1. Please work out the C-alpha center-to-center distance from the stretch B:19-82 to the stretch A:131-161 and express it in whole Å.
2. Roughly what would the spin-label model give for residue B:4 and residue B:87, points 7 Å off Cα along C-beta, in nm?
3. For the stretch B:51-62, just list the computed ³J(HN,Hα) in residue order, Karplus coefficients 6.51, -1.76 and 1.60, θ = phi - 60°, integers in Hz, with x standing in for Gly and Pro.
4. Note the full-extension length gain between residue A:288 and residue A:188 as 0.36 nm times their separation in residues minus their Cα-Cα distance, in nm to one decimal.
5. I need the trypsin sites (Lys or Arg not before Pro) found in the stretch B:65-155, filtered to DSSP loop residues with at most 11 other beta carbons within 10 Å of theirs.
6. For helix A:204-217, report the angle its Cα long axis makes with the longest principal axis of the Cα atoms of chain A; keep it between 0 and 90° and round to the nearest 10°.
7. Provide the FRET efficiency to the nearest 0.05 for the residue B:33-residue A:139 pair, computing r from the beta carbons and using R0 = 35 Å.
8. Rounding to the nearest 10 and keeping the result within 0 to 90°, find how far the Cα-based axis of helix B:6-22 lies from the longest principal axis of chain B.
Amino acid sequence: MSLLAADLPYWAQSLLRVLGGTVAVLLPAGTIVYLFLFKMMSFMQSRLGPMEAGPYGSLQLFAEVGKWLQKEDIAPENADTRVFRMAPLVVLVSTFLLVAVVPFGPDAYFTDFDAGVFYMLAVSSISTLGILMAGWSSANKYSLLGGLRAAGQLIAYELPMVLSVIGVVIQAGTMNLQSIVIQQNDGEIFGFDGLGNPFLLTQFVGFLVFMISVQAELTQTPFDMPIAESELVSGYMTEYSGFRFLIFFIAEFATAGVFSLIASVLFLGGWGLPFSWFGWESVDGIDNWMNVGGPLILVTKMVVLSGIIMWVRFSFPRMREDQLQRFAWKVLVPISLVNIMITAILKVVF
Amino acid sequence: MPKVPGMIKGLGVTARTMAETIKPKKLGGGAHTVQYPHEKESPPIRARGVIALREDNCTACMLCARSCPDWCIFIEAHKDLAPPRRAGGAPRKVNKLDRFDIDYALCMYCGICVEVCPFDALFWSPEYEYSEPKIADLLHDKTKLGEWMETVPEAPALEAGAEKKKGK
């Protein structure tokens, strides 16, 4: 964005950022819902999925959104109406705040600041607040249980997520997501620079822990106790209908997209390809087309990662609530702590 | 061979199913489902779609109507005279059907009427396309039930050594 921002008035910059942010949130959400939720899930169940709206059901999304928008906006009589109405927006806002730090190209980013990783991890927990608000204000036992479960789960899995990212931060020596991307593409493995140095290789354990925690943060299936429909109807979303439910739904998949973006930035080299392929020596030497190509590369990586998230979601049954907590505290947290220690030692050695 | 963990095996199952579904029909792939209004589903030959009536076999004995748990069969008949079987004999007295209706809005497809019919007048047909916009229109009369006889599949061949059924 700063590419254009240089000679534009402030209002035009702001407008561009709002538009860009909306696209960056809604496009991954739409892609994931159509490509994976509608089509891949159907294929995995040996059926075709939506086929009527548009060629191969490609316009089904618009049909669904139109349907949800037509529905009545109902709040339960005993609900805390103001909080109840606000909750889905709080969840969606955290997604928008997350996308703000994701770098899409050498000059294509919304903000570029040094505490990017810290900000990302802090902001991603805002959605917990929204979910807790939704669960508490619905005046419904299922919502309350779902909200509490969600809060417990999100807090439990926030920890391994933070710890697994620390490995990357130690290795990169910076919290700036943009420099993390550049380091990965500019780097070399023992003098061989044909692959760059994606942290996927050196931080593979961290990557696994991160992806598992993301799966839990998104409440996707092996970890979807907060909305376990066989016990809790729909958890914290039970009382929502119409466009407020739609916002929850969009937030769920937009967050899946944004977390995949962040995972590809942290572990897969983000918007870049190894710079040695093009003979770029430093950041300033990067060709300008990367500002257009970069987002495409990043989105490709995002689609692959969110495809894996959805694949796991469609394949596994739900874990039990106590298994979920035990898995976070007794398996993931120790693993990521050991990972940090080893990374720190190796960082000093090399 | 080392044992593959179940988690990974599970991922393999879903991936394989997806590949099978995406594979073109010509190569033996495709979904197990049918895009119904565009292509007709072919149910199993003995599927319980609808109950058909062979009117000539019915003697209005009322067994079906009385055994129906939902009371969805309506039968009315009158006595009639049929020509004698042999020349010079007295005319036979038969029950002639005036009305044989099945209310498919009530029917629960239990098949007791088909089982209980002593004269092989009722049959299962795999036909399934008979929905109506109005619920009252689901009451079908003997003409309609007779039309469905055409869709009734041939009775399966008897097992070797089975006693051949007489009559029919």
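Values quoted throughout were computed directly from the atomic coordinates according to the rules given, and no laboratory measurement underlies them. What you see is a predicted model, and the numbers here were worked out from it, not measured in a lab. When we count neighbours, we look across all protein chains shown, and the Cβ atoms used for this are built from the backbone with ideal geometry, even at glycine.
1. What the calculation gives is 50 Å, centre to centre.
2. It works out to 8.1 nm between the two label points.
3. 9, 9, 10, 9, 5, 4, 7, 6, 10, 6, 6, 6
4. Working: separation 100, 0.36 × 100 = 36.00 nm, distance 2.31 nm.
Taking residue A:288 through residue A:188 to full extension adds about 33.7 nm, to one decimal.
5. Passing both the DSSP loop test and the Cβ count: B:85, B:86, B:134.
6. The angle comes out near 20 degrees.
7. Between residue B:33 and residue A:139 the formula returns 0.30.
8. 60
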